[in-house]
């Protein structure tokens with residue numbers, strides 16, 4: 001759910017109405033409930049549609065989060081108890 | 001007195017009072033309201049949300065939370081509580097269905113949870129537990145009952161629960177907790193991770209135990225054998241006190257064995273490797289004197305972290321481990337998810353998942369996922385003695401297919417001039433009867449076998465060990481299982497390929513002599529058990545083991561075999577029993 005949380009946090013920064021589609025389902029990008037229920041697992045293609053004055057910035061930021069920053073995942077995210085070296 | 005067997009997920013022995021944390025479903029009756037009461041029920045929902053948000057914010061910044069992952073979990077819960085469309089769904093339900101706030105919260109959260117539970121992806125279905133956690137918090141706010149955060153504990157306790165939620169474990173001080181015993185859960189469940197982190201014993205998948213335990217029950221938890229004893233009698237308590245005491249002494253004694261070889265009295269060397277579930281256990285393998293890793297499970301990469309692991313994730317995880325093992329073997333098993341490995345017991349949509357799309361079968365049908373892992377693995381193979389192992393191979397065709405994909409990936413790497421070890425050893429788990437029976441054919445196409453006894457027993461005897469009605473039949477001390485193991489060992493030796501045993505029997509003291517006598521010379525086991533098994537090996541002669549194995553070969557019942565090998569092992573090392 002961490003990726004969903006990051007996604008929702010980014011979407012929340014914009015005024016535009018942002019919708020995300022996965023197959024036939026379309027949900028509000030600012031709702032974590034709707035985003036998690038979309039069940040977009042890794043490798044899923046998402047369509048993002050934004051409407052509003054900052055729509056372009058919003059889609060760019062979301063694209064950046066997903067495609068470039070990969071949800072800030074550091075390589076090999078580890079379970080609890082692991083000490084980072 | 002009641003003795004129950006589950007899955008041991010964290011070692012150690014404790015005796016303490018039981019503390020039951022009942023997280024089972026709170027049944028909320030469907031209560032109707034009058035239209036005129038709608039507004040006040042909706043207000044109650046708003047108040048409950050506000051209280052829950054406040055509490056979570058406090059919990060999140062509180063000093064009781066020492067792990068980032070838990071902080072993350074609460075951050076997600078907070079987002080849910082702040083999600084207007086989520087709250088609207090609940091208030092809409094009140095508007096439309098005219099029910100109490102409690103009923104609306106419970107209904108809607110259960111709808112969401114069952115939506116998650118029904119998705120055939122282990123990572124997402126696991127999230128149903130989070131939703132239940134949110135539900136519980138909201139209900140507690142509504143009912144006004146104090147949460148199950150315990151008062152500062154005045155005495156040592158063993159926590160008994162259905163399945164521990166992150167909130168529960170974050171909510172109590174850990175200093176007085178001596179063990180966890182849960183009805184549900186698996187090796188990778190939250191309970192298991194926390195117990196390991198805290199270094200206390202834990203046993204999961206015990207089935208219905210809550211009803212057998214009352215508030216002042218005493219409980220013995222044995223995290224080495226996966227047993228709990230409820231309301232033990234004085235004799236049993238005394239027995240376990242001595243056992244715990246012996247374990248401590250044994251531990252000290254065994255520590256001195258760390259640098260001594262695992263060689264029998266008559267000079268036959270045995271290789272002891274460690275099974276690793278999480279990367280932090282690799283350290284323990286070395287501490288306990290293991291000579292490498294015989295089974296590096298990679299499922300954690302898929303179950304934690306939230307997204308499917310990238311090639312880089314794989315590479316980094318394997319690289320770190322293999323580097324720390326400096327030239328010693330590290331056998332990495334490719335993804336083995338499906339069936340029981342799905343956290344919190346949520347199954348894929350399969351009527352019979354154990355016989356379904358799991359493990360290598362899943363990989364062969366999801367090539368991008370499989371190739372990503374193989375690329376990471378191959379890249380790491382130049383850093384040390386990495387070996388690749390495919391799980392659940394059922395026939396030669398599957399093995400060849402998997403190897404063909406490995407070659408494809410090698411060719412891809414060649415194209416980009418990425419270095420890898422072209423001679424990386426490739427082996428398979430022998431854990432299906434079909435693989436065991438065709439081992440002589442499979443041996444021609446791989447470099448080593450590793451016998452995975454847990455699945456082999458399950459598939460050979462058709463016994464589910466998590467099913468209490470039949471679980472007593474689940475044992476490797478069975479003529480059919482031993483017959484298969486014997487023939488696999490024979491076939492491996494004949495083909496001159498490597499052979500090891502990496503199932504749970506390799507860490508059960510009573511089986512060590514038998515395995516040695518059957519010709520096994522490499523064992524891969526849970527790291528905490530390495531010193532004990534080494535001690536047994538150093539106390540026996542191969543001649544004795546051979547004699548024992550021959551004798552067992554003539555026996556025709558589980559009971560006879562069990563008693564015989566147990567007696568033999570007790571003579572060697574009475575303090576281990």
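All of the numbers you see were taken from the coordinates with simple rules; none came from a lab. Model, not experiment: these values are computed from the prediction. Because the Cβ atoms are built from the backbone with ideal geometry, glycine has one as well, and the counts that use them run over all protein chains shown.
How long are the three semi-axes of the equivalent ellipsoid for region B:334-470, computed from the Cα gyration tensor as the root of 5 times each eigenvalue, in whole Å, largest first? Kindly include the intermediate steps, with their values, before the conclusion.
Working: eigenvalues 167, 61, 31 Å².
So the equivalent ellipsoid measures 29, 17, 12 Å along its semi-axes.
Which of the peptides B:434-442, A:55-63, A:28-36 is most tightly packed, and how do the rest follow, judged by the mean count of other Cβ atoms within 10 Å per residue?
On the way: B:434-442: 20.0, A:55-63: 16.4, A:28-36: 24.0.
Order by mean packing, descending: A:28-36, B:434-442, A:55-63.
Considering every alpha-carbon pair of region B:185-277, the percent of pairs per 10 Å bin, from zero through the bin containing the longest distance, is 12, 32, 33, 18, 5, 0.
Based on the Cβ-Cβ distance from residue B:156 to residue B:546, what FRET efficiency comes out when R0 is 45 Å, to the nearest 0.05?
Taking R0 as 45 Å, the efficiency between residue B:156 and residue B:546 is 0.45.
Give me a single rounded figure for B:559-571: the average over its residues of other chain Cβ atoms within 10 Å of their Cβ. Don't skip to the answer; put the middle values down first.
Values: counts 0, 0, 0, 0, 0, 0, 0, 0, 0, 0, 0, 0, 0.
For this peptide, the per-residue mean of nearby foreign Cβ atoms is 0.
Helix B:530-539 axis versus longest C-alpha principal axis of chain B: approximately 30°, rounded to the nearest ten.
What is the Cα convex hull volume of region B:448-577 when expressed per residue in Å³?
109
Across peptide B:74-81, the average count of Cβ atoms from other chains found within 10 Å of a residue's Cβ is 4.
Could you tell me what fraction of 2.2 N^0.38 Å the Cα radius of gyration of region A:2-72 comes to, as a two-decimal ratio? Before the final figure, lay out each step's value.
On the way: Rg = 10.9 Å, N = 71, 2.2 N^0.38 = 11.1 Å.
Dividing the Cα Rg of region A:2-72 by 2.2 N^0.38 Å gives 0.98.
Using only the alpha-carbon atoms, how far is helix B:234-255 inclined from the longest principal axis of chain B? Give it as 0 to 90 degrees, nearest 10. Around 60 degrees separate the two axes.
Starting from 0.36 nm per residue, how many nanometres of slack lie between residue B:233 and residue B:3 once their C-alpha separation is accounted for?
Details: separation 230, 0.36 × 230 = 82.80 nm, distance 1.12 nm.
Net length gain for the segment: 81.7 nm.
Relative to the dominant Cα principal axis of chain B, helix B:38-61 is inclined by about 40°. Under the simplified labelling scheme, the residue B:570-residue B:212 pair shows an inter-label distance of 2.3 nm, with each label point 7 Å from Cα along Cα→Cβ. Looking at chain B, the pairs of alpha carbons with a distance over 34 Å make up 45% of the total.
What area, in nm² and to one decimal, does the C-alpha convex hull of region B:257-576 cast on average over all directions? Can you show the working numbers first?
Numbers: hull surface 64.6 nm².
That works out to 16.1 nm².
Applying 1/(1 + (r/R0)^6) with R0 = 60 Å to the Cβ-Cβ distance of residue B:496 and residue B:58 gives a FRET efficiency near 0.40.
When the convex hull of the C-alpha atoms of region B:351-404 is computed, what volume per residue in Å³ does it have?
Numbers: hull volume 4.8 nm³, N = 54.
Per residue, the Cα convex hull of region B:351-404 comes to 89 Å³.
Counting each pair of different Cα atoms once, what's the Kirkwood radius of the protein assembly as shown in Å, rounded to one decimal? Walk me through the intermediate numbers first.
Values: mean 1/r = 0.0374 Å⁻¹.
It is 26.7 Å.
Taking the Cα of residue B:480, stepping 7 Å toward and past its beta carbon, and measuring to each backbone N in region B:515-555: which are under 19 Å? The answer is B:553-555. Spin-label pair residue B:401-residue B:554: with each label point 7 Å from Cα along the Cα-Cβ axis, the two points sit 4.6 nm from one another. Sorting B:412-423, B:81-92, B:251-262, B:385-396 by average packing, meaning the other beta carbons within 10 Å per residue, from highest down gives B:385-396, B:81-92, B:251-262, B:412-423.
From other protein chains only, count the Cβ atoms within 10 Å of every residue's Cβ in A:6-13, then give the mean.
Details: counts 1, 0, 5, 2, 0, 0, 2, 0.
Average per residue, whole number: 1.
Taking region B:35-143 on its own, what percent of its Cα-Cα pair distances exceed 16 Å? For region B:35-143, the fraction of Cα-Cα distances above 16 Å is 59 percent.
Could you list B:381, B:14, B:212 so that the one with the fewest beta carbons within 10 Å of its beta carbon is first and the one with the most is last?
On the way: B:381 24, B:14 19, B:212 16.
Going from sparsest to densest Cβ surroundings: B:212, B:14, B:381.
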